[in-house]
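Everything below concerns the one structure shown next.
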4 protein chains.
Amino acid sequence: MIIVLKPGTTEDQLQHIVERIDALGLKAHLSRGTYRTIIGVIGDETKLQSTPLAAIPGVAEVVPILPAYKLASIEAHPLPSVVDVAGVKIGGGHLAMIAGPCAVESPERMDAIAAAVRSAGANILRGGAFKPRTSPYGFQGMGEEGLRILRDVGDRYGMPIVTEVMDPRRVELVEQYTDMFQIGARNMQNFPLLTEVGRSRKPVLLKRGMSATVKDLLMSAEYILSQGNAGVVLCERGVKGFDTLARNMFDVAAVPLLKTLSHLPIIVDPSHACGRPDIIPACALAGLAAGADGVHIEVHNCPEEAFSDGQQALLPEQYAQLAQQMRGLAELLGKTVSPLPEAVA
Amino acid sequence: MIIVLKPGTTEDQLQHIVERIDALGLKAHLSRGTYRTIIGVIGDETKLQSTPLAAIPGVAEVVPILPAYKLASIEAHPLPSVVDVAGVKIGGGHLAMIAGPCAVESPERMDAIAAAVRSAGANILRGGAFKPRTSPYGFQGMGEEGLRILRDVGDRYGMPIVTEVMDPRRVELVEQYTDMFQIGARNMQNFPLLTEVGRSRKPVLLKRGMSATVKDLLMSAEYILSQGNAGVVLCERGVKGFDTLARNMFDVAAVPLLKTLSHLPIIVDPSHACGRPDIIPACALAGLAAGADGVHIEVHNCPEEAFSDGQQALLPEQYAQLAQQMRGLAELLGKTVSPLPEAVA
Amino acid sequence: MIIVLKPGTTEDQLQHIVERIDALGLKAHLSRGTYRTIIGVIGDETKLQSTPLAAIPGVAEVVPILPAYKLASIEAHPLPSVVDVAGVKIGGGHLAMIAGPCAVESPERMDAIAAAVRSAGANILRGGAFKPRTSPYGFQGMGEEGLRILRDVGDRYGMPIVTEVMDPRRVELVEQYTDMFQIGARNMQNFPLLTEVGRSRKPVLLKRGMSATVKDLLMSAEYILSQGNAGVVLCERGVKGFDTLARNMFDVAAVPLLKTLSHLPIIVDPSHACGRPDIIPACALAGLAAGADGVHIEVHNCPEEAFSDGQQALLPEQYAQLAQQMRGLAELLGKTVSPLPEAVA
Amino acid sequence: MIIVLKPGTTEDQLQHIVERIDALGLKAHLSRGTYRTIIGVIGDETKLQSTPLAAIPGVAEVVPILPAYKLASIEAHPLPSVVDVAGVKIGGGHLAMIAGPCAVESPERMDAIAAAVRSAGANILRGGAFKPRTSPYGFQGMGEEGLRILRDVGDRYGMPIVTEVMDPRRVELVEQYTDMFQIGARNMQNFPLLTEVGRSRKPVLLKRGMSATVKDLLMSAEYILSQGNAGVVLCERGVKGFDTLARNMFDVAAVPLLKTLSHLPIIVDPSHACGRPDIIPACALAGLAAGADGVHIEVHNCPEEAFSDGQQALLPEQYAQLAQQMRGLAELLGKTVSPLPEAVA
C-alpha cells in the first residue's frame, strides 16, 4: 500500500501516520520528494484494508497494491477453475451453452422449449421460478411449482438446470431442486444471499450488477468462496449505459479483463445485455471470440405470449442457427462443449 | 400506449396486433402515415403493461403513456406527502436533518456523536448495526447489540432513530428497535426485502440504487406502498459516474424531477454521493436549494478510527457549521425543522 | 411523429397545436384516450424536425418516427456500402486491417513498423502527424514532415495510408498526402471540420465520440455525406465508462446495431477502446465476430520510447499473431482481405 | 510519481526501469514489499509525464502525484481569479448572471429578450451566431449578421456579450464583436480552437465536455492559459448520464471539486444540463448554493418559435422570478452581482 501525503503536511502529522502503521506491525518506508512525501507500507497489507487511512489528517490518497479479493484472484489459483454442474463442465476449455425461457410458465411450454434447445446443442437448461420484477404488479414467477416443472423437464432431457434465487429464506428450497443457483444482477451485492448460497455446495452463476466494476464482481464472488463454495461462475450481462438503443451496454472487454485477474470461469449473457433479438447473436459470438467460457441465451417458442422479457427471447430456430455458429467458432478456438447423457424422453 | 409499426409490416401482421388489443378489451386507433403506421391504444393501459407487445412481429416500438407506478405518482396524490418519524415530520415544508456515524461502534462513541449532532440541530439519529460491506472480510456491524445501543442513545437524546435492514429475515428484529427502516442503495431492487418492510407500518428511507433511474426508484417505492406502508421517504445518494474524483455522481436534478412525478418526500445524502468531507457541505446546501426535504450526513468524532467509511465522515464541528448554514438556507426557502422534545440526559 | 399531450391540456391549447401542424402542410390525427390525448402527424416529418414542438404549452412528449439522418440510413441505401481506399475495399464482405504507430516519429521507425505490419497482413497503414493531446505540453505531432514520411513509407510498401486531421485549415494540406482522412473521437462533433472533409472526395474514417450515441455518430456521418462525400467508414473505439480497469468501455454491440440502421461500413479500434495490450487481441476478435468490417490496431516496435500512447501499442510480433487469428476468423465468417500490390521495397 | 511493479518482475527489468529514471536526471527510491516492489521517483515529475512508463516491461501501474495542469492549478495561484468581462467581474465573490436566447434570430427578438433579462438583473447577454447543430439540416446560425445584432443590442442595454466560436478560422471575426468567447461542450477538446482563443486577450467561457472529467476540463483550460490568455471561466453544463428524464446529468459536485483544484471561476449552465424548464430554476439555485460564480440561462420570449433549443428556454417572467431567488441566495452567501452602467436605451 502506498500513502501519498498532502503538500504542507506537518512533521507531527507524518509522525502520527507512521505510528499508526507501526502499531499494526507494518513498516513505513518514506520517500520525501520535491513536492510531496509518499509512504510505502511494507508487510501484510490486509491489516490495513479495514483501516480508514484516508481519514487521517495529511493523507491525500491511499493506493492499494494487493486486490481485496483473495480466493477469487489468479495469484491464489493460477490455473483456470473448472466448475462442474451435474456433469457439465464450465471453464478451462469447456463451454457452457445455457438456454431456456426467462420464466417457467407451464409444463408443456417448458418441455417444448427444452426439447428445442437440447436438440440445438444447449447443455444446461434455464428457467425462472422466482422472478425479480421492477414492478410489483408484474408476474412474479410460479414459485415451487415452477421449480418442480424445471426439475422434471431437465431430468427428462438429461440437462442440468439453473434457476434464480432471490431470497435467503428460499435458498434451502431452491437447493432441493436445482443443479446451479443463479444470483441475478440486482442481487450481486445482496450479501446475506451471497453468504447463504456460499454455504451450499452447489455451484453458483453470479451475474454482474448493472453498475458493478469488474473488481466489485470479484468481491461478490469472494463472499461465496469465503463460505467454502468453490463453484462460482461469473457472468457479464451488460452494464448501465447512456445509449438507449440497447437495453444495457454489453461490456465484452470484461471477459479478457477477468481472465487477467481471476481463475473463475466467465460466461456472457447477451440476452440481458442487449435486450434485442436482432443483435443478440452477434454479441454472443463476440463474447465467445473474446474468450468466454459459455453463453447464456433466453429462448421462447412464442415470445409474444411470454410472461416476462418476451421482447428479448430468441425463437428456437434462431437459437439453433446461433448454436451452430457458436460451435463453429468454439472449434476454431479449441473449446469443447460437454456432451449430455442420452435424453430419457 | 402507442405502438409504432415497422416499415413494411404486412396487413396480416397489423390485423394480428389489433386482435391482441381487442382481446384485452381495449380499442386500437390507427394512424396510417406516409412512412409508418402507428396505433394509439385507448382504454386501461395497465392491462397492456404485462403484455410483451414489442415481441409481436411488425412492432418497432412501444411508447407507454402512463407511468407504471401508481401509488407513488403525483396523479394519485397531488399534494406532497408528510412522513412522520416518531414525531419528526419529513416533507411538505418539514426538513429532516439526519446525522450520525456510519456504524454503531460502542455505547460511548454513539453517545458522544449523538450529543454533538443533537446540539448542532439534527432531528433524527442514524447508525448502522448491519452493514453491507463490499468485502466479506470487512466489519459487518454489531448486529442486535448495535440496535440496542442506538435505541438507548436515541431515547437518551429524544431523537428518533433510523437504521439499515439488509435481510428480510431481520425485518422483525430491526422493527423492534428502530423508528425508521433504511433500505440501502444496493438493496433498492431487493424485492423480497421491499415487500417485507412494506408489511411493516414503520416508515422507510429508500435509497436510490447506483444505476437506478428516477423511475426505477419510484417503482421500488411502489413495492413498499403496494403492501400498505405509506411512509416512504426517497433518498438521492449519488449514482455511478465516470469521474473518479468523487465517490459517486451526485444527481441533484433528481430532486426537482421527483417533485414533478411523485408526492413522496425526497432527501439527499451527500456523504455517500461525494465520499469526501471537503465537498459534502457544498453538496448538502445544493440539495436543499434544489428542494430536498432533508439532508442525511455521516458524522464521526474520530474518523480515522471509524470501523467503516471513516474517510467520508464530517467531524462534529464541521457538521455544526454546516447545520447552521442549512438552517439559514431553510429559512430563506420557507422550510422548518421539526423540534425535538427535551433530551432526557 | 407522435405528439403526446399533458393531462389537463385545454381545448384551446390542443387547437393551437393542430394549427401549427396544419400551417406546415401536415395532417394531425387525434386519438383521445381515457387519460391522455395523442396526435399522430401524417406527412413529411422532416418539416417538423426543426420546429420545437416540445416547447408548445400542453405538449408532454414528442416521439419522432423517422431518423433525422437520411443519407446514412439503411432505408436510403439498403445494400451495404463498399468504400474504396486507394484500391483497398472496406465493407460488403471486405475487411480492413489498419495498423501502424500512434504517431509518425521518424522515417526509420515508420519504415520498420510498416514492414512489420505489412508482412503480418495489414492492408492500410496508419500514423498521426497532427496529434490531439490532452495536455498542451505533450508531443503534438511532426506536422507536414510527418505526412511526407507516412506517404513515402506507404508508397514503399504499397499500402494506402490514413492519418488524422484536426483543423479545418489543414484539410487541404492533409489531402495532398493521405488516402483517407481520420476524424478522431474528440472531433466527431466538430461540424466545420466534418463539413470540410465532406467537400473532399477522399474517404473518411469517422471515430465515435466518447459520449456519442449510435445515432449521434450517424448524424455526424450525415454531415459528411450531405456535402457529397460518400466514402464514410464508421469506427467504434470505446465510450466513456465507469470502470477504470480499461481506458474506455468497448461497445461491441454498436457494430450490429449500426448494421440495422445504416449501410456504412463499421470497423473497430480496440487499441483506444481498451488501452491495454493484454486485452486488445481478445477485443479485436470480438469486434470481428460481431460483424465489423475491419480492425484498427496501434503497433509500435518499442512502446516504451513511443512519443504518444506507447502503453497501448502492440509489439509487431503480437500484431502478427493477432492478424493470423483474425484471418482465421474472417475465413470462418466468409470475409476477405483486399490484397495489396507487390511492395516496391 | 510512483511506479508499481508487477509481481515477478525480474532484477534486469527493475534495473532497466531505474536506468530510464536516472537518464532523465531523477532519483528512484525503491520500496521492496512482501508482494510487490514500488518505486518512488524524486525530482521534477514533469519530465516523466510524456514518457510512457506504463509501456516498460514489468510496470503494473504508474501513479502521478502532480497534476498535469499547472497554470490552472490552485498550487500555482492560491487565490481565486477574478475575470473581467468588459467591466463585469466573475469570481472571487462576484456573480455572473448570463442570460439570453440560444441563437440570435432577429434584431427585434434580440432586443426584446435583452430588455427583459437586463431588467430582471442579468449582467451579461448571450446569443449564438454560429450554432453547433447535431443535424446538418438544422439552423446553423445567422453568422456575422448575428454577431452584429448581438453587439448592437448589448451596447444598447449596456451589457457585455458572450457568443460561441466553433471554427479557428472565425476567431478573428468573432473577436471583433464579442466581449467574451464561448467554447461549447463539443469543442472542449478542439485543441486548434483552444489555442486560437488562447492567443486572444478576450476572456473565454469554457464549457465542460459531455464525457470530460473535471481534470480533463482543467487540461483544456491549460491550453488557453498556456497561450497567455488568463481570462478563463469554467462552466459545468451537464455530463452524459443514463437517465433520459433530463437532457444530461447536472454534476453540481464539480463546482466544489474545481474549487479544491483550481483558482479559475466556475459557473453553471442548468439550461443545457437539464433541458427542461420545470427543473432549471431548482438546479440554478443548487449551483449557486454549491459555490458557483455565476449562472448561465437560456431565455426566449416565444420558445415555440425558437430556431433552436426552444424546449429548454425559460420565459422572461420565469427568468425574472429565478433571478430574484438567485439574488436572495447570493446575499445569504455573501456574493455580489457586478452592476451595469445605465442602459443607453
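The values are calculated or read from the model by the stated rules, or taken from the named source; none is laboratory data. Please read all numbers here as calculations on a predicted model, not as lab measurements. Here Cβ is always computed from backbone atoms with ideal geometry, including for glycine, and neighbour counts include all displayed protein chains. Protein only, heavy atoms only, side chains kept; ligands, DNA and RNA dropped before computing areas. Shrake-Rupley method; radii C 1.70, N 1.55, O 1.52, S 1.80 Å.
Here are some notes:
- Verdict on D:Ile267 being open to solvent by less than 10 Å² (accessible area, probe 1.4 Å), within 25 Å of D:Leu193 (Cβ to Cβ) and in a helix (DSSP H, G or I): no
- Residue, surrounded by the fewest Cβ atoms within 10 Å (Cβ to Cβ), within region A:251-264, restricted to residues that are in contact with a Phe, Trp or Tyr (Cβ under 9 Å, 6 or more places away or on another chain) and at the interface with chain C (Cβ under 8 Å from one of its Cβ atoms): A:Asp251
- Residue match in region A:140-151 (condition: small (Gly, Ala, Ser) and assigned to a helix (DSSP H, G or I)): yes
- Among the residues of region A:59-72, those identified as crowded, with 17+ Cβ neighbours inside 10 Å and either in a strand (DSSP E or B) or at pLDDT below 90 (or both) are A:Val59, A:Val62, A:Ile65, A:Leu66, A:Pro67, A:Ala68.
- When restricted to residues that are at the interface with chain B (Cβ under 9 Å from one of its Cβ atoms), touching a helix residue (DSSP H, G or I) at 6+ places or on another chain (Cβ under 6 Å) and surrounded by fewer than 24 Cβ atoms within 10 Å (Cβ to Cβ), region A:211-229 contains 1.
- Selection from region A:186-206 of residues that are facing another protein chain (nearest Cβ under 9 Å) and of a type outside the set (Lys, Arg): A:Asn187, A:Met188, A:Gln189, A:Asn190, A:Phe191, A:Pro192, A:Leu193, A:Leu194, A:Thr195, A:Gly198
- Residues in region D:183-196 include at least one that is small (Gly, Ala, Ser) and either over 13 Å from the mean Cα position of the chain (by Cα) or within 18 Å of C:Ala212 (Cα to Cα) (or both).
- Residues in region B:307-323 that are more than 14 Å from B:Ala112 (Cβ to Cβ), within 13 Å of chain A (Cβ to nearest Cβ) and in contact (Cβ under 8 Å) with a residue 40 or more places away in the chain: B:Phe307, B:Ser308, B:Asp309, B:Gly310, B:Gln312, B:Leu314, B:Gln318.
- For region D:237-247, the set of residues classified as surrounded by 22 or more Cβ atoms within 10 Å (Cβ to Cβ) and closer than 25 Å to D:Ile124 by Cα consists of D:Arg237, D:Gly238, D:Val239, listed by residue number.
- Scanning region C:14-29 for residues that are open to solvent by 50 Å² or more (accessible area, probe 1.4 Å) and within 11 Å of another protein chain (Cβ to nearest Cβ) returns C:His16, C:Arg20, C:Lys27, C:His29.
- Considering residues of region A:43-53 that are within 14 Å of chain B (Cβ to nearest Cβ) and assigned to a loop (DSSP other than H, G, I, E, B) only, the residue surrounded by the most Cβ atoms within 10 Å (Cβ to Cβ): A:Pro52
- Scanning region B:92-141 for residues that are among the hydrophobic types (A, V, I, L, M, F, W, C) and surrounded by fewer than 21 Cβ atoms within 10 Å (Cβ to Cβ) yields B:Ala112, B:Ala115, B:Ala116, B:Phe139.
- Any chance D:Arg36 is in contact (Cβ under 8 Å) with a residue 24 or more places away in the chain, under 26 Å from C:Tyr137 (Cβ atoms) and of a type in the set (D, E, K, R): no
- Only one of the numbered conditions (1) open to solvent by 20 Å² or more (accessible area, probe 1.4 Å); (2) closer than 30 Å to B:Phe242 by Cβ; (3) touching a Phe, Trp or Tyr at 6+ places or on another chain (Cβ under 7 Å); (4) of a type outside the set (Val, Ile, Thr) is not met by D:Gly198, and that is (1).
- Region D:1-45, subset small (Gly, Ala, Ser) and touching a strand residue (DSSP E or B) at 6+ places or on another chain (Cβ under 7 Å), residue modelled with the highest pLDDT: D:Ala28
- Scanning region D:183-195 for residues that are open to solvent by 10 Å² or more (accessible area, probe 1.4 Å) and within 24 Å of D:Leu257 (Cβ to Cβ) returns D:Ala185, D:Arg186, D:Gln189.
- Count of region C:93-134 residues which are part of a loop (DSSP other than H, G, I, E, B), within 14 Å of chain D (Cβ to nearest Cβ), under 22 Å from the mean Cα position of the chain (by Cα) and within 16 Å of C:Asn301 (Cβ to Cβ): 2
- Test: residue in region D:73-91 that is in contact with a helix residue (DSSP H, G or I) (Cβ under 7 Å, 6 or more places away or on another chain), open to solvent by 40 Å² or more (accessible area, probe 1.4 Å) and assigned to a loop (DSSP other than H, G, I, E, B): yes
- Restricting attention to region B:142-173, the residues that are buried (at least 18 other Cβ atoms within 10 Å of the Cβ), under 23 Å from B:Ala112 (Cα atoms) and within 14 Å of chain A (Cβ to nearest Cβ) total 1.
- The set of residues from region A:83-92 being hydrophobic (A, V, I, L, M, F, W, C) and within 17 Å of the chain's Cα centre (by Cα) comprises A:Val83, A:Val85, A:Ile90.
- Of the residues making up region A:278-307, those that are over 21 Å from the mean Cα position of the chain (by Cα), outside any helix (DSSP H, G or I) and surrounded by 22 or more Cβ atoms within 10 Å (Cβ to Cβ) are A:Ile279, A:His300, A:Ala306, A:Phe307.
- Residue count for region B:3-42, restricted to those that are part of a strand (DSSP E or B) and closer than 15 Å to C:Ile42 by Cα: 10.
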